[in-house]
Amino acid sequence: MIVARAPGRVNLIGDHTDYSAGFVCPMAIDLATTVRLDVGGDRVELTSRDEPERASVALDVTDPAAVRPAWARYVAGVVAAVRPRVGGRGTVETTLPVGGGLSSSAALEVAVALALGADDGDRGALAAACQRAEQLASGVPCGPMDQLVVAGAVAGHALLIDCRSLERTPVPIPAGIEVVVVDSGQARRLEESAYATRRAEVEAAARALGAELRDLSPAEVEGMTDQRLRKRARHVVSENHRVHAFTVALASGDLAAAGAAMTESHTSLRDDFEVSTAALDALVERLAATPGVWGARLTGAGFGGCAVALTEPGATAALGLPRRWVVSAAGAAQRVSSTEGDST
Ligand code: GLA
C-alpha cells in the first residue's frame, strides 16, 4: 500500500497576486489530507469518510469537470494531468475543513498525485501538474500558489514565492507567535465567485499599462483612466510591496510591522480588489481590535472562507470563535510508509 500525505495552507499575505507573476507568502499547515492506495487496475477508486459517494475515475478520463460526485473531479483532474499507467483502490482522510479556503483541494490533488506515483523529486513540476488538475476539475483559472506551497513547503517556515521565476525562499516563523485561522462560517465556491472576472481584470490592467503589474510603481497605476481597472491594479501593486514588507518585518522580529502589513492587505482586498464579504470584514475587524493581535486579514481568494491573524500566544482563545485553529508551519507533502501513515 502507498500512503501519501499533503498539508493544507494558509496564505499569510499576498492574495490575488500569484496569477500576475507577483509575490505571495503562504505557509503549509498541520492540517492535512492522507491518501492510502493499493495500486492496480485501470481505475482510481477512492472512498472518503466525509463524502457519501466514492470517486471512481477511469485512467483515460477526458473531461474531469464532468465527473460525479463533485469531489471526484479533483481526483479526475490529477489522473488527467499525471496520466498514471496503473490505477488503484483506497481511502482519503482529511483533518482540513473542506472548501474553507485552506486549500483542501490542492492537498487532495498533491496527495493523490504522489499516491499515483508522480515524481516527487521535482516539486515545481509536481505543483504545476496539480495546478493543471485544479483548473481541469473546477474550471477556475487559479494561479500557482496553493499547489506550490503544498508540494514545496519547509517545516517551521512560510514560503516567499516569486510567481514569475517560481523561486521559493523559506521565511522562518519566529518563536513566540501564533498563526490563528478562523472560519468566517461563510461557505465559498470559487466556481460561483468572481475569481475569473478578477483575473481577467488584472490581465486587462496589465495590457492597458503595457507591463506586468509587479514591474510598475504606484504612480504609474494612478495614471490609469479606467477606475475599476485602476483599483484592481492598485491592489496588486501595493500587495506585492506588502509581501516584501511583511517578510522583512517577520525576519527582523518586528511583529507590529508584519501585522500592520496584513491588516493593510485586508483593507486593499476589501476596497480595491472587492473580494471581501461583510462576515469577513466583521471578523477581521474584531480580530484586529483584540489585544495581543498584531494583524489580521482574509486569506486566500476571499468571497467567504477564512481569516488569518498573527498574535501573541493565547490572544484569541477567549473570543469564543467556534471554528478556530492555531496552526503551525508544516513541511511539504510526501509519500510515507504505510506503517507511518497508519500511525496517525
Ligand atoms: C485561490 C487560488 C490561488 C490564488 C488565491 C488568491 O486560492 O487557487 O491561486 O489566486 O486564490 O490569492
Region 172-197 - residue that is among the hydrophobic types (A, V, I, L, M, F, W, C) and open to solvent by 10 Å² or more (accessible area, probe 1.4 Å) and, of those, farthest from the chain's Cα centre (by Cα): Ala175
Qualifying positions in region 8-21 - farther than 16 Å from Arg297 by Cβ and in a loop (DSSP other than H, G, I, E, B): Ala21
Within region 268-289, track down each residue that is crowded, with 17+ Cβ neighbours inside 10 Å and either touching a Pro at 6+ places or on another chain (Cβ under 9 Å) or not charged (D, E, K, R) (or both). Ser268, Leu269, Phe273, Val275, Ser276, Thr277, Leu280, Leu283, Val284, Leu287, Ala288
From the list Ala219, Ala205, pick out the single residue that is away from the ligand (no atom under 15 Å from the Cβ) and open to solvent by 70 Å² or more (accessible area, probe 1.4 Å). Ala219
So, Val149, is that one part of a strand (DSSP E or B) and modelled with pLDDT of 95 or more or not? no
Scope region 10-22; condition of a type outside the set (Ser, Thr, Tyr) and within 11 Å of the ligand (Cβ to nearest atom); matching residues: Val10, Asn11, Ile13, Gly14, Asp15, His16, Asp18, Gly22
Residue in region 252-267 that is most open to solvent (accessible area, probe 1.4 Å), counting only those that are without any contact (Cβ under 8 Å) to a residue 40 or more places away in the chain, of a type in the set (Gly, Ala, Ser) and in contact with a strand residue (DSSP E or B) (Cβ under 7 Å, 6 or more places away or on another chain): Ala256
May I ask you to list the residues in region 80-98 that are open to solvent by 30 Å² or more (accessible area, probe 1.4 Å) and within 16 Å of the ligand (Cβ to nearest atom)? Ala81, Val98
Any residue that is modelled with pLDDT under 95, within 16 Å of the ligand (Cβ to nearest atom) and of a type outside the set (A, V, I, L, M, F, W, C) - is there at least one of those in region 107-114? no
Scan Ala245, Ala249 and give me the residue that is open to solvent by 50 Å² or more (accessible area, probe 1.4 Å) and within 30 Å of Gly176 (Cβ to Cβ). Ala245
What's the total number of residues in region 297-317 that are open to solvent by 10 Å² or more (accessible area, probe 1.4 Å) and over 15 Å from Glu274 (Cα atoms)? 5
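The values are calculated or read from the model by the stated rules, or taken from the named source; none is laboratory data. Because the structure is a prediction, the values reported are computed rather than measured. Because the Cβ atoms are built from the backbone with ideal geometry, glycine has one as well, and the counts that use them run over all protein chains shown. What goes into the accessible areas is simple: the full protein's heavy atoms, side chains included, and nothing from ligands, DNA or RNA. Shrake-Rupley method; radii C 1.70, N 1.55, O 1.52, S 1.80 Å.
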